[in-house]
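This report concerns only the one structure given below.
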Amino acid sequence: MAADPRVCPVCGAAIVDGAARCASCGAELPPPMGDGAPAAERAPGTSELRGDARPSGADLTRRIARLQQWAEAAEPLELTVPSVPPWAEEAARTGPNPEAWFEVVRGVERLAQLKIVAALEGWERLAKNRLTRLEAYSVDGRLEREQIDDTLHAARSGDIAQALQIFHQVDRVLSLKERHLDQAREELERLVSLLRDMEALGLPTPLEPAAVAEDLERELRQGRLAALKQELRAVRLQAVNRLKVGLPEYVGRYGEFLVSERNDGTPVELEAAELARAAREFARGHPEEALRRLRVLAQVHGSAPRPGGGASGTARP
């Protein structure tokens with residue numbers, strides 16, 4: 001009795017004798033089995049299904065459900081995975097010829113696998129670019145690089161579920177590391193901007209803004225995020241404590257400056273309202289917004305008088 005012809009367990013394509021991989025989808029192939037191998041041990045994609053190996057409605061339902069799982073897991077890839085329509089699923093379960101539907105489902109699986117592999121290859125390029133950026137800030141990405149390679153290997157070997165599982169894991173880790181880095185970068189830039197605004201308004205700063213920016217950038221590039229965040233909090237606290245003394249005095253001087261201008265016949269209602277908003281923002285615990293408003297006011301209307309001096313009345317650059 002002749003042995004059944006070998007077919008790929010993933011896509012169902014015919015296999016050339018002696019081949020170790022499928023020529024259609026690239027999946028690794030199990031070794032050939034003789035005539036005496038039990039039917040349960042044969043490749044699940046055997047196209048010649050006879051006797052007790054005939055596909056059942058439950059088999060088709062299981063494979064269709066697997067396609068749906070692939071589609072859901074591939075959503076972050078912004079990919080539309082081919083699927084079996086509901087009417088076809090019902091016909092496959094209840095129809096008199098399940099073998100024909102089995103071939104249809106296998107074809108849909110093959111198309112789905114090809115699309116997922118292509119999408120993962122595109123994601124691989126983007127993920128490695130993201131890793132390169134993280135590594136520029138001394139963030140270790142060796143494990144993620146290995147897992148990216150594992151993802152593509154599993155997908156090309158036909159283990160789509162495993163490939164998508166690793167993809168989700170790697171993507172979550174990359175997003176988490178990027179979020180920590182971006183938050184540190186945002187806090188650094190906000191603090192330096194605060195110090196520069198204080199300096200531009202003539203308010204005393206705890207440290208020189210350019211030196212602070214250089215030191216904090218060095219910490220960030222070395223990947224010392226925990227130490228960086230502690231330093232950011234410490235410098236910001238010093239700056240806010242200085243502002244608690246210097247800002248009310250500045251607002252008072254600017255208010256007197258506006259009153260003097262109004263007495264001279266200059267309309268200053270808008271400037272007075274903006275000055276009040278800045279003071280309110282600082283009282284609400286938003287020093288960055290308060291200083292931003294004050295600096296814009298100084299640039300548009302003119303700077304406040306220095307202690308012991310007269311009003312400049314000139315716009316700052």
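The values are calculated or read from the model by the stated rules, or taken from the named source; none is laboratory data. Nothing here was measured: the structure is a model prediction, and the numbers come from that model. Note: ideal-geometry Cβ built from the backbone for every residue, glycine included; neighbour counts use all protein chains shown.
Observations on the structure shown:
Quick grid of which residues meet (1) more than 20 Å from A71 (Cα to Cα); (2) outside the structural domain of Q68 (by TED's automatic domain parsing); (3) among the basic types (K, R); (4) modelled with pLDDT under 95:
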| position | (1), (2), (3), (4) |
| --- | --- |
| A100 | yes, no, no, yes |
| E103 | no, no, no, yes |
| R106 | no, no, yes, yes |
| V117 | no, no, no, no |
| E135 | yes, no, no, yes |
| S138 | yes, no, no, yes |
| S157 | no, no, no, yes |
| R185 | yes, yes, yes, yes |
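A quick yes/no check of all residues on (1) touching an Asp or Glu at 6+ places or on another chain (Cβ under 8 Å); (2) among the hydrophobic types (A, V, I, L, M, F, W, C); (3) surrounded by 14 or more Cβ atoms within 10 Å (Cβ to Cβ):
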residue: A155; (1), (2), (3): no, yes, yes
residue: D171; (1), (2), (3): no, no, yes
residue: L176; (1), (2), (3): no, yes, no
residue: R218; (1), (2), (3): no, no, no
residue: L228; (1), (2), (3): yes, yes, yes
residue: L232; (1), (2), (3): yes, yes, yes
residue: R242; (1), (2), (3): no, no, yes
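- Per the listing A127, A74, A91, the residue uniquely free of Cβ contacts under 8 Å to residues at least 12 places away in the same chain and either crowded, with 20+ Cβ neighbours inside 10 Å or in contact with a Phe, Trp or Tyr (Cβ under 9 Å, 6 or more places away or on another chain) (or both) is A91.
- Residue check for A163: crowded, with 16+ Cβ neighbours inside 10 Å and either within 30 Å of A71 (Cα to Cα) or of a type in the set (D, E, K, R) (or both): yes
- Applying the set (1) in a helix (DSSP H, G or I); (2) more than 19 Å from the chain's Cα centre (by Cα); (3) within 21 Å of V81 (Cα to Cα) to D150 leaves exactly one unmet item: (3).
- For the range 251-273, the set of residues classified as among the acidic types (D, E) and either surrounded by 15 or more Cβ atoms within 10 Å (Cβ to Cβ) or in contact with a Phe, Trp or Tyr (Cβ under 8 Å, 6 or more places away or on another chain) (or both) consists of E261, E271, listed by residue number.
- Residue within the range 58-77 that is part of a loop (DSSP other than H, G, I, E, B), within 19 Å of F167 (Cβ to Cβ), modelled with pLDDT of 80 or more and within 28 Å of the chain's Cα centre (by Cα) present: yes
- Unmet requirement for G223, which otherwise passes all of (1) crowded, with 17+ Cβ neighbours inside 10 Å; (2) part of a helix (DSSP H, G or I); (3) modelled with pLDDT under 90; (4) not aromatic (F, W, Y): (2)
- The residue list G252, G202, G246 contains one member that is farther than 30 Å from L131 by Cα, out of contact with any Pro (no Cβ under 8 Å at 6 or more places or on another chain) and not in a loop (DSSP other than H, G, I, E, B), which is G252.
- Taken as a whole, the structure leaves G302 outside the set of residues that are among the small types (G, A, S) and under 24 Å from E187 (Cα atoms).
- Single residue of the range 178-199 satisfying the filter (within 22 Å of V296 (Cβ to Cβ) and either in contact with a Pro (Cβ under 8 Å, 6 or more places away or on another chain) or hydrophobic (A, V, I, L, M, F, W, C) (or both)) that is surrounded by the fewest Cβ atoms within 10 Å (Cβ to Cβ): E199
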